[in-house]
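Each remark here refers to the structure printed beneath this line.
Just so it is clear, none of the values below were taken in a lab; they were calculated from the coordinates. Keep in mind it's a predicted model, so treat the numbers as computed, not measured. Don't worry about glycine lacking a Cβ; one is built from the backbone with ideal geometry, like all the others, and counts go over all protein chains shown.
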Amino acid sequence: MGSEHLTNNIRRLRFEHGQMTQQQLADKVGVTRQTIIATESGRYAPSLPLAFKIAQAFGIPIEQVFQYDNESS
Amino acid sequence: MSKLQKSAWVNLGIMTILTVFCMLCFVFMAKNNAKGIDYIIICFIVGCVSAPLIYVYLKKRGIERNFDEREQLIYKRSFAISAVAMMAFLFALCTIPFFVVGGANVVKVLYLPLIFYSALFAAQFIHSMAIIIQCAMEEENG
């Protein structure tokens with residue numbers, strides 16, 4: 001469930017998109033707020049469909065939301 | 001409290017009531033050496049107790065279908081933990097008397113349904129507790 005190599009910009013993107021709350025993002029992508037919290041803090045690596053949904057919610061490509069850190073592997 | 005935690009608490013409540021009730025029924029039947037009419041009365045009482053619990057259980061199943069992927073993962077992991085725990089519990093329950101009482105002795109038939117229901121309860125209890133603990137740990141971590 002952990003995501004040691006996966007980083008994301010969800011928090012920053014939320015604030016850039018009109019101070020979007022975690023609940024609003026959760027409602028947009030169809031998950032619970034707890035899942036957004038866990039994803040945002042890097043404790044949960046979302047599935048590919050959910051990652052795409054999050055990127056679509058911000059209207060940007062997935063690679064601008066999630067980054068895989070190859071160096072630490 | 002998330003839907004997953006609520007579902008776990010409901011499950012814990014339903015299973016506790018049903019298990020205790022079923023065990024009491026078997027103990028009652030064994031004590032009274034039940035025959036004929038006793039079974040009809042017990043079936044009626046079981047129906048009266050089970051119907052509302054089954055209704056709550058079915059409503060809970062509807063909630064479970066709406067779990068998101070992270071909750072499904074917690075649910076599945078808890079299920080795996082409970083399956084292993086149930087096997088360990090069942091093993092202990094069936095083998096400890098063998099070593100304590102001895103292989104040549106006998107046990108009452110009454111213990112068989114009690115072992116079944118206690119194993120079922122143990123599995124459900126551990127499943128629910130595993131969900132509640134995992135959710136609590138996640139909340140604690142922020």
Quiz item: Over the range A:6-68, what is the mean sequence separation of C-alpha contacts under 8 Å (at least six apart), divided by residue count, expressed as relative contact order in percent?
Solution: 44
Quiz item: Considering the dipole of chain B built from charges on the beta carbon (Lys and Arg +1, Asp and Glu -1) around the Cα centre, which of B:Met86, B:Ile42, B:Gly62 is farthest to its positive end?
Solution: B:Ile42
Quiz prompt | Distance in nm between pseudo-label sites at B:Met137 and B:Ala104 (7 Å out along the Cβ direction from Cα) | solution = 4.8
Quiz prompt | Under-5 Å amide H pairs with A:Leu6, H placed in peptide plane, nonlocal only | solution = A:Asp69
Quiz item: Taking a ≥ b ≥ c as the square roots of the eigenvalues of the Cα gyration tensor of the protein assembly as shown, is the shape rounded (a/c under 1.5), prolate (a/b larger than b/c) or oblate?
Solution: prolate
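Treating only the Cβ atoms of Lys and Arg (+1) and Asp and Glu (-1) as charged, compute the dipole magnitude of chain B about its Cα centre; round to the nearest 20 debye. Walk me through the numbers on the way to the answer.
Values: 12 positive and 8 negative charges, 84 e Å.
The calculated dipole for chain B is roughly 400 debye.
Expressed in nm to one decimal, what extension gain is obtained for the pair B:Phe91 and B:Leu112 from 0.36 nm per residue of sequence separation less their Cα-Cα distance? Please report the intermediate quantities before stating the final value.
Details: separation 21, 0.36 × 21 = 7.56 nm, distance 1.35 nm.
Gain on extension, B:Phe91 to B:Leu112, equals 6.2 nm.
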Quiz item: Per the Kirkwood formula on distinct C-alpha pairs, the Rh of the range B:28-124 is how many angstrom?
Solution: 16.9
Quiz item: B:Trp9 label point, 7 Å along Cα→Cβ, cut-off 16 Å on backbone N: hits in the range B:119-136?
Solution: B:128-136
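Taking the range B:22-142, how many lysine pairs are there with alpha carbons less than 25 Å apart, if each pair must be eight or more places apart or span two chains? It would help to have the intermediate numbers written out before the result.
Working: B:Lys31/B:Lys108; B:Lys35/B:Lys108; B:Lys59/B:Lys76; B:Lys60/B:Lys76.
Within the range B:22-142, the lysine pair count is 4.
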Quiz prompt | 0 to 90° range, to nearest 10: angle between helix B:111-140 axis and chain B longest Cα axis | solution = 20
Quiz prompt | Alpha-carbon radius of gyration plus Dmax, which is the widest Cα pair, for chain A in Å | solution = 11.4, 35
